[in-house]
Amino acid sequence: MDGFVVYLSDDDMDMGQRFDNISTWLNTYECTRSTTEWICEGLEIEDYVVQSHPDVSPAKWHLGHTTWFFEQFILVKFLKNYKCFNEQLHLIFNSYYKSMGNHWIQGDRGQLSRPTVSEIKHYRQYVNASINELLTGYLDEKARMEILSLLELGINHEQQHQELLLMDIKYNFAVNPFNVSYLTENYPSSYPCSASYLSVKGGLYQIGQSGIDRFCYDNETPRHKVHIDSFQIRNSLVTNGEYLEFIKDNGYNCPDYWYSDAWALIQSQCWQAPLYWFEKEGHWFYKTLYGEQAVDLNEPVSHISFYEAAAFAKWAKKRLPTEFEWEVASQELALSVSNNFMEKRKFAPVLSQIDFTNDNHLISLHGGLWEWMQSSYHAYPGYVAPEGALGEYNSKFMNGPMVLRGGCYATPEQHYRSTYRNFFNADKRWMFSGIRLCKDNT
């Protein structure tokens, strides 16, 4: 993946400084686009079109939708005499922006053999050339600021889809009865971890981003104060070995551990283990991006729904952190040691020995696996959604999915911030999600 980009260091920049250098942003754009295509390099043509679950989009749809985003939100508005590559693609590649017009049903994306993969690749090239034309032409300061602000959003949007691509590729391969591997390297093993709990002092803390000196999504704003009580947070994620003890203790068959709707779900779906796990000859295995593997007991457990995370926490006589506790712990205890993001090319939630060089920090808090929070997804106090179609990006979902924090091994590192708020419905588990526990001070 030689196309990984080095981003502007914008921690101390205001928005004007961030958008001074057009050539740097053009390079960032090009590298982001090439990274998406790198993810797909190992796919056969048939792999691009399959949709094995309504939540899982075909790879070719991701390639088209991210291209549509740049076309519709930048080129149509700002490039003089721009002609859309194909007007009919708007229906297919509009994901959910109601104010942009009709869109195809998400669960039916795999029903369409056309546009072809080849046509979508040409679409990407066409839009890339048009973005280059726009950015290398004359732009007054106002247009430059507005275009590059939208370009930055589009880049981050495509980085989100890079993670989604890997999630969806894994699912599409995992349901295949053959032992299909996306990657050919040996599966990375995890270093054994000794779990402990670290204390966080109670008090008044600042949460969120200002949205001024660096990129963030609108749902991370406005920055505001919260009060938390003192608590303890586990230094490491729950492992496969620990989760296996929950399974052996009949955890999936004891209603005391489960929310009412969760209990109904696991009964109807016959859940007895995390997604991708299966038993063979008395041993547990799981499907990975490296194909079928024996479950590594030292590895953090992944592909866990919020329901399973909450049930495990109750079984363990602990709880999940709130997203505010998690962010405060990140401020107070996290060190940049060996964060496992996409650039590491370890497409599994592995723990390396370097993670354990300091006893007083949180391991893999950033990268590795998204961590479920005991927090539902709602707007921060004082939040105002952006005007127009981009206001639908986050605000339309602020009605109660569950929050995840921390990023994962498929998240681009330069896309990530400790204030990043991911969210999914409580039953979803095809994302790269895991469990970190908390407990109250007693």
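Cα centroids of the range 66-124 and the range 225-239: how far apart, whole angstrom?
Each part reduced to its Cα centre gives a spacing of 42 Å.
Summarise the accessible area of the range 237-294 (1.4 Å probe, protein heavy atoms) by the percent that is carbon and sulfur.
The C+S portion of the solvent-accessible surface of the range 237-294 is 47 percent.
Would you calculate, for the chain, the mean residue ellipticity at 222 nm contributed by helices, counting each DSSP H stretch of 4 or more residues as -39,500 (n - 2.57) and dividing by all residues, to the nearest 500?
Taken over the chain, the calculation gives -9500 deg cm²/dmol.
Rounded to the nearest 10 degrees, what's the angle between the helix 260-269 long axis and the longest principal axis of the chain, both from Cα atoms, 0 to 90?
80
Using a 1.4 angstrom probe and counting only protein chains, how large is the accessible area of Tyr126 in Å², to 10?
Rounded to the nearest 10, that gives 80 Å².
DSSP beta bridges in the range 253-387, what fraction antiparallel, as a percent rounded to 5?
The antiparallel proportion sits near 90 percent.
Whenever you get a sec, compute what percent of the accessible area on the range 91-152 sits on carbon and sulfur atoms (1.4 Å probe).
51
Between helix 141-174 and the chain, what is the angle of the helix's C-alpha long axis to the longest principal axis, kept within 0 to 90° and rounded to the nearest 10?
Once rounded, one gets 50 degrees.
Roughly how many Å² of Cys84 are accessible to a 1.4 Å probe, to the nearest 10?
Taking all protein chains as shown, Cys84 has close to 20 Å².
Skip the ligands, DNA and RNA, and give the accessible area per residue of the chain with a 1.4 Å probe, whole Å².
44
Against the longest alpha carbon principal axis of the chain, how many degrees, from 0 to 90 and to the nearest 10, is the axis of helix 117-136 turned?
The angle comes out near 60 degrees.
Leaving out same-chain residues fewer than 8 places away, which lysines sit with a Cα under 21 Å from that of Lys225?
Within reach: Lys201.
Output the antiparallel fraction of DSSP beta bridges having both residues in the chain, as a percent to the nearest 5.
Roughly 90 percent of the DSSP beta bridges within the chain come out antiparallel.
With the chain treated as a Gaussian network of Cα nodes joined by springs under 10 Å, which of Glu163, Glu71, Glu242 yields the largest mean-square fluctuation?
Glu242
In the structure displayed, which of Lys80/Lys142; Lys248/Lys439; Lys170/Lys318; Lys77/Lys428 lie more than 27 Å apart, Cα to Cα?
Lys170/Lys318; Lys77/Lys428
Give me the percent of the accessible area of the range 24-71 that comes from carbon and sulfur atoms, probe 1.4 Å, all protein chains in place.
52
The values are calculated or read from the model by the stated rules, or taken from the named source; none is laboratory data. These figures come from a predicted structure and were not determined experimentally. Quick note on the areas: whole protein, heavy atoms, side chains included, nothing else; ligands and nucleic acids left out. Shrake-Rupley method; radii C 1.70, N 1.55, O 1.52, S 1.80 Å.
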